[in-house]
Amino acid sequence: MTKSTVKQDQIDAVTRGWVVYLHSGEATPDKVAEFESWLASDPRHLLAYRDMEQLMGDLSLVMETDADAPVLEAPFAAKPAWRDVRRISAGLAGVAVVAIGFILAQTSSSVPAAPADPIPAVETQIAEIRDILLPDGTHVTLGARSRIESRFTDDLRIVRLSEGEAFFDVSHDATRPFYVEVGDKLIRVVGTQFDVRQRADSVKVSVVEGVVEVLQAEDPVRAEKHRPEVSKDVLRAGDEVTAKIGSVKREFGMVEPESAAAWRRGWLAYEDASLGEIVSDTNRYNSQQIILESPGMENLRVTAAFGVDNIDQFITGLEASYDIQADYTASNEIILRTAQ
């Protein structure tokens, strides 16, 4: 995978993130202004936005002309549906059109703005995905409702993921290792691509490219100084590990590198995952929070794949495949309980 391909994938992921966010019902004037700035910062952003707009229009037309087709090809296996895209509010649509019109007039003579230095802490809101460029050239795609802080020294590059999920495309520098602090674990690389997901009781690392070390340590400076003695797991492309916080227990697995971090493309995909894990992730992309009411539901094992903009389809699949009922009575919650 070339650097240009990786960059385009990142732009496409951020574009999808903006689409999902602007349709979430949570968009604020500040975020709309940020969206306009993002469009203006690079001509490729405008092209990606226009392509996504055309794609959504095409998909909407296909779905309208194929209304009798089954929604689920198999339980939880469906392509993201964009049939609600045309219902974007007039205000946001107007803002987008004005921004695009302005940029089209400027593109031929403008030069892409240089990325600004990142602030100490960057966080995203529900349904928001953000692309971040660190001072060393590392690209970070930050998932919804996530937070990172970065500090760079002459010897180390250190980023702390305190909440949510992030995909790292680390700029190679063998003289200055790159560390991610997450939970009570450290992730060490010198240049590679990997995804990190932080949960209340665990950390999941999925490697797309290169070599990643997951260390049982909390301080990067001491860990680097005593690296030969520190307990570590070495992962390569296609490897995945889920490490328990506060414990040395971990579970190893495999992941298709091309499908890792599918959330960047608007997908949430799971194989034999707990319902609690899936709901925790889903609630970062949906203004209506899913609540598991019945005891033990969080331990139910589920295999699922669905678009972040199509949470209702996931719930419909749950009701069809398990003894579960969904209650939509509350305006901002979806209550799931065992059927009586």
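The values are calculated or read from the model by the stated rules, or taken from the named source; none is laboratory data. In this text, all values refer to a predicted model and were calculated from it rather than measured experimentally. Glycine also receives a Cβ, built like all others from the backbone with ideal geometry; neighbour counts cover every protein chain displayed.
So here's what we get for this one:
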| item | result |
| --- | --- |
| Selected residue [buried (at least 17 other Cβ atoms within 10 Å of the Cβ) and farther than 16 Å from Arg199 by Cβ] from Ala305, Ala330 | Ala305 |
| Pairs, first assigned by TED's automatic domain parsing to the domain that holds Ser206 and at positive phi in region 238-251, second surrounded by 16 or more Cβ atoms within 10 Å (Cβ to Cβ) and modelled with pLDDT of 95 or more, C-beta under 8 Å, six or more apart | Gly238/Val207 |
| Single match in Glu165, Glu224, Glu181 (criterion: more than 14 Å from the chain's Cα centre (by Cα), of a type in the set (Asp, Glu), assigned to a strand (DSSP E or B) and buried (at least 16 other Cβ atoms within 10 Å of the Cβ)) | Glu181 |
| Out of Ile324, Ile311, Ile245, Ile290, sole residue that is modelled with pLDDT of 95 or more and in contact with a Ser or Thr (Cβ under 9 Å, 6 or more places away or on another chain) | Ile290 |
| Count - residues of region 20-51 that are of a type in the set (A, V, I, L, M) and modelled with pLDDT under 75 | 3 |
| Output for region 123-157, where each listed residue is part of a strand (DSSP E or B), in contact (Cβ under 8 Å) with a residue 24 or more places away in the chain and surrounded by 18 or more Cβ atoms within 10 Å (Cβ to Cβ) | Arg130, Asp131, His139, Val140, Thr141, Leu142, Ile148, Ser150 |
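This table checks each residue for (1) closer than 26 Å to Ile335 by Cβ; (2) within 20 Å of the chain's Cα centre (by Cα).
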{"residue": "Arg250", "(1), (2)": "no, no"}
{"residue": "Glu258", "(1), (2)": "no, yes"}
{"residue": "Arg265", "(1), (2)": "no, yes"}
{"residue": "Tyr270", "(1), (2)": "yes, yes"}
{"residue": "Ser274", "(1), (2)": "yes, yes"}
{"residue": "Ile278", "(1), (2)": "yes, yes"}
{"residue": "Ile291", "(1), (2)": "yes, no"}
{"residue": "Met297", "(1), (2)": "yes, no"}
